[in-house]
Amino acid sequence: MPRINSTAELEELRKGILAQKDPNKPCISVCAGIACLGSGNAQVISAFEEEIKKQSLDAKVDLIATGCHGFCEKGPIVVIYPEEICYLEVTPEDVPEIVSQTVVGKQVIDRLIYTDPNTGTKAAHQSEIPFYKNQSRLLIGNSQKINPKSIDDYLAMGGYSALSKALFEMSPEGVLDEIKKANLRGRGGGGFPAGSKWETTRNAQPGVEKYVIVNAHEGEPGAFMDRALFTGNPHLILEGLIIGAYAIGSHQGFIYTRHDTPVLRKNLDLALTQAKEYGLLGDNILGSGFSFNVEVHLDVGIFVSGESSALMRSIEGMPPEPRPKYIRTSVTGIWDRPSNLNNVETWANVPQIINQGYEWYSSIGTERSKGTKLISLSGNIVNSGVVEVPMGTSLREIVFDFGGGIPNGKKLKAIHFGGPMGGTIPESLIDTPLDFDELSKLGASLGAGDMLVLDEDTCMVEMDRLFLDFLAGESCGKCVPCREGMRQMLKILTNMTQGEGKEGDIELLEEISGVVGEAALCSLGRSIHKPLISMLKYFRDEFEAHIKEKRCPANVCKELN
Amino acid sequence: MNNDKIEQILNEHQGQAGALIKVLMEIQEENKWLPREVLVQVSEKLEVPLSRVLRIATIYKTFSLTPKGRYQVNICTGTACQVRGSQQVLEEVQKLTGIKPGETDPDMKFSLETVNCQGCCSLGPLVEIDGKTHGKTAPAEIADALKKYE
Ligand SMILES: Cc1cc2nc3c(=O)[nH]c(=O)nc-3n(C[C@H](O)[C@H](O)[C@H](O)COP(=O)(O)O)c2cc1C
Ligand code: SF4
Ligand code: FES
Ligand code: FES
């Protein structure tokens, strides 16, 4: 690969790549996201390779294994371009027919396209499928069109043009200003404005080395959008990170990611190698004089290591124990140096803001929550998967239009956001817009964007017990309120589900929650009571029924019914 | 245990205390578990006190300090899989194998673990047997799948 030494050379290279691409050449895009891998797409891919060879189509057809297409429920998914015909639940046996009939013959195979379960209406093109229709797939949309292992594919989509714009047409202050004006808020859970955090790190400890970090830990159960995006389009996040480093004045970055997603690791390592070879990473990027390097660190699967200070400890090679909150990692982070941490999706937003400007970006979304948000839809929902919608979209639309509603004729009971540190809202509030502040007001912070849909057969007491049961193994155990408070809460809830709840248990839970929420050291401990408090707010009678009547209204707790 | 491979991993990271987690992971991937004498070697090669090696090796559930069976069975008990019925699947597997999460059967055939969300909640309830994913599993189906392993 040639090293690129200027914007002109970058554009030249891009032109060359585009010149070799024929937009009318058939391309078979097979989803190789994590869910489709699990439902057997590897065999589908090999079947395509074989069939293409057999029909001697090597030169006439492209085959790419891509990142998540979003509609994970119906995987393995295959999309045939340029027509964008979308086939669902494809098996290796379907492959010869797809190649002959659709790729060569341009015929749609009826049996493999989407059928609306209610109306029986069929949809052959992706844009006609209710799951995709009306999404705004600004971040994840490209994932199904590119090979994540090819930097050229990313360049063909206009990749790294934001980086070259930032380096050559903007000052670091200008970049920072753009992000601040765009009002980009962190996607990892807190919704903290990215611009002010960048600025803090930029101005902290003058003369001392600074770090920028991607939080790709994604530990919340039910959250899978970060992995989907990062695996499917690693350069997008990398480009955002390099731009951020330039604005902040950092020359060393870290990516903290999961050890248990081998495809992500592979794609990421390859992306870093390719970016380095092209001179988009490393010394003197694009000949601009700006240098930046990245190191990948693996987490080994404990939830608390996604917390900012614990994560930084872990990068230092220490156990992932959080530090008290008054120590701000943006000022005193890795090795006590200023360290700016953002979530995968936050970084992914940066290139488009730089390319299209803050005015464009802030025209999307609500007053205080801008842009689109990736949502992992899971639980009792017909179409589980990754959805991307503008902030402000109503939850009703997400559950019923994109999500297709609740399976097996059941009724929606509640929606839970943010996993074990989040909150639940009842069905009656389904018209609430997707918005950091609106949801917080209701006691259910958006979290990372994992939306767990619960049907009428869900017991809220058991639900909260499950969250605490999960957390009990995931806190670091350093401080008493979190460690012991959690144990006591878990014990009380377990008793309730086994018919041994006592008068006063709810009040006791509330009291412990109050103490833990105040006295725990880090945000994990200070949030463990949040699901409970929201459930008590909306479903208190259910807790009371467990205690007073020894009855589980949802018929879940076996010992009670 | 493939000593050469472990030796190689250790040599690559000689003196790099910061690579502790990475090294432990690579060894675990190679050997499926971390024997005590290997942890001592890690401590010496990376120049990290043994107490810290042990602390890291015990805080993370991923690391195993006991030998593993021939086939690893992982059952996702993340909330999304729970909502879709992973508890029933877990009960069935426990009944069939006679072991609880964290245990290995006396024949060293199966090791059972419950794992957190694997990021493919759309396939819930999710079970992994010897690296192969089984999605949308019903208890009966998993029973059939387990019988295929010798
Ligand atoms: C226990 C705990 C776990 C967390 N896990 C994650 C995570 O997996 N991914 C993430 O981006 N943020 C996670 N966070 C939030 C981070 O601490 C941090 O706020 C975030 O990465 C900052 O990025 P953002 O401002 O772009 O959202 C977690 C926080 C806590 C308290
Ligand atoms: S609140 Fe919990 S996770 Fe956080 S430092 Fe204390 S014990 Fe550890
Ligand atoms: S993994 Fe294939 S659609 Fe999500
Ligand atoms: S909860 Fe099982 S894969 Fe997410």
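In the range A:1-114, the DSSP beta bridges split such that about 60 percent are antiparallel, to the nearest 5.
Using the Cβ-Cβ distance between A:Glu456 and A:Ile364 with R0 set to 51 Å, the FRET efficiency works out to roughly 0.90.
When the Cα positions of A:Asn355, A:Ala223, B:Ile59 are compared along the charge dipole of the protein assembly as shown, B:Ile59 comes out farthest toward the positive end, with charges on each C-beta of Lys, Arg, Asp and Glu. With r defined as the distance between the Cβ atoms of A:Leu18 and B:Glu30 and R0 fixed at 60 Å, what FRET efficiency is calculated, to the nearest 0.05? FRET efficiency, A:Leu18 to B:Glu30: 0.85.
Here the range A:451-492 is scanned for amide nitrogen atoms under 15 Å from the site 7 Å beyond the Cα of A:Ala519 along Cα-to-Cβ, giving A:478-489.
Shielding of peptide A:471-477 by partners, expressed as the average count of other chain Cβ atoms within 10 Å per residue Cβ, is 1.
Remark: the range A:96-110, residue by residue, has Karplus-estimated 3J(HN,Hα) of x, 5, 4, 5, 5, 7, 8, 5, 8, x, 6, 9, 8, 8, 4 Hz, where x stands for each Gly or Pro and the curve is 6.51 cos²θ - 1.76 cosθ + 1.60 at θ = phi - 60°.
Neighbours of A:His546, meaning other residues whose beta-carbon lies under 15 angstrom from its beta-carbon, give a summed charge of -3 when Lys and Arg score +1 and Asp and Glu score -1. Taking every residue in B:61-67 and counting other chain Cβ atoms within 10 Å of its Cβ, the average works out to 2. Each principal axis of the Cα atoms in the range A:386-502 has its own extent, and those three values, largest first, are 42, 32, 23 angstrom.
Under 5 Å from the amide H of A:Gly379 lie the amide H atoms of A:Val453, each residue being 5 or more positions distant or on a separate chain, with H modelled from the backbone and absent for Pro and chain starts.
Ignoring aspartates and glutamates fewer than eight residues from B:Lys68 along the same chain, the ones with Cα atoms less than 20 angstrom from its Cα are A:Asp260, B:Glu26, B:Glu29, B:Glu30, B:Glu37, B:Glu103, B:Asp105, B:Asp107, B:Glu113, B:Glu128, B:Asp130, B:Glu150. Along each principal axis, taking the top coordinate minus the bottom one, the Cα set of the range A:56-108 gives 32, 19, 19 Å in descending order. Taking the Cα centre of the range A:172-292 as origin and assigning +1 to Lys and Arg Cβ atoms and -1 to Asp and Glu Cβ atoms, the resulting dipole is close to 200 debye. Peptides A:438-447, A:342-351, ordered by how many other C-beta atoms sit within 10 Å of their residues on average, highest first, read A:342-351, A:438-447. Return the long-range amide H neighbours of B:Phe110 (sequence gap of 5 or more, or a different chain), with a cut-off of under 5 Å between placed amide H atoms. Hits under the 5 Å cutoff: B:Arg70, B:Tyr71, B:Asp105.
Counts of other chain beta carbons within 10 angstrom of each beta carbon in peptide B:72-85 average 6.
Between the amide H of A:His69 and those of A:Gly33, distances stay under 5 Å, these residues lying 5 or more places away or on another chain, with hydrogens modeled in the peptide plane. Over 29 Å apart at the Cα level, from the set A:Lys441/B:Lys136; A:Lys325/A:Lys370; B:Lys5/B:Lys109; A:Lys74/A:Lys491, are A:Lys441/B:Lys136; A:Lys74/A:Lys491. Within chain B, the cysteines lacking any other cysteine Cβ closer than 4.7 Å to their own Cβ are B:Cys117, B:Cys120, B:Cys121.
Of all beta bridges that DSSP places with both ends in chain A, some 50 percent have antiparallel geometry. Need one word for chain A: rounded, prolate or oblate. Basis is the Cα gyration tensor (sqrt eigenvalues a ≥ b ≥ c); a/c below 1.5 gives rounded, then a/b vs b/c decides. Note, shape of chain A comes out oblate.
Only beta bridges with both residues in the range A:151-361 are counted; by DSSP, about 10 percent of them are antiparallel. Taking a ≥ b ≥ c as the square roots of the eigenvalues of the Cα gyration tensor of the range A:151-361, is the shape rounded (a/c under 1.5), prolate (a/b larger than b/c) or oblate? Since a/c stays below 1.5, the shape of the range A:151-361 is classed as rounded. Shown for chain A: cysteine residues without a partner Cβ closer than 4.7 Å, namely A:Cys27, A:Cys68, A:Cys72, A:Cys86, A:Cys459, A:Cys476, A:Cys479, A:Cys482, A:Cys522. For the listed peptides A:370-380, A:89-99, a ranking on the average number of other beta carbons within 10 Å per residue, highest first, reads A:370-380, A:89-99. The residues packed around A:Asp22, meaning those with a beta-carbon under 13 Å from its beta-carbon, carry a net charge of +2 if Lys and Arg are +1 and Asp and Glu are -1.
Counting only residues at least eight positions apart within a chain, or on another chain, the aspartates and glutamates with an alpha carbon under 20 Å from that of A:Lys276 are A:Glu9, A:Glu11, A:Glu12, A:Asp152, A:Asp153, A:Glu239, A:Glu295. Cβ-Cβ distance of B:Met108 and B:Ala17, R₀ of 30 Å, FRET efficiency by 1/(1 + (r/R0)^6): the value works out to about 0.30.
Computed extension length for A:Ala8-A:Ser440: 150.8 nm, one decimal, from 0.36 nm per residue of separation with the Cα-Cα distance subtracted. Taking 0.36 nm per residue of separation and subtracting the Cα-Cα distance, full extension of the segment from A:Gln488 to A:Ser428 would add 18.5 nm.
Quick one: check the C-alpha center-to-center distance for the range B:104-150 versus the range A:251-308, whole angstrom. Using only Cα atoms to place each centre, the spacing works out to 32 Å. Using just its DSSP H runs of length 4 or more, each adding -39500 (n - 2.57), the protein assembly as shown gives a mean residue ellipticity at 222 nm of -12000 deg cm²/dmol after division by all residues. For the peptides A:254-266, A:122-134, the ranking by mean Cβ contacts within 10 Å, running from highest to lowest, is A:254-266, A:122-134. Could you name the aspartates and glutamates whose alpha carbon sits less than 12 Å from that of A:Lys373, not counting residues in the same chain fewer than 8 places away? Within the straight-line cut-off, A:Lys373 pairs with A:Asp226, A:Glu345, A:Glu388, A:Asp435, A:Asp450.
Here, each number is a calculation from the coordinates, and none is a lab measurement. Note that this is a predicted model, so its numbers are computed, not measured. Neighbour counts are summed over all protein chains in view; Cβ atoms, including those assigned to glycine, are modelled from backbone coordinates with ideal geometry.
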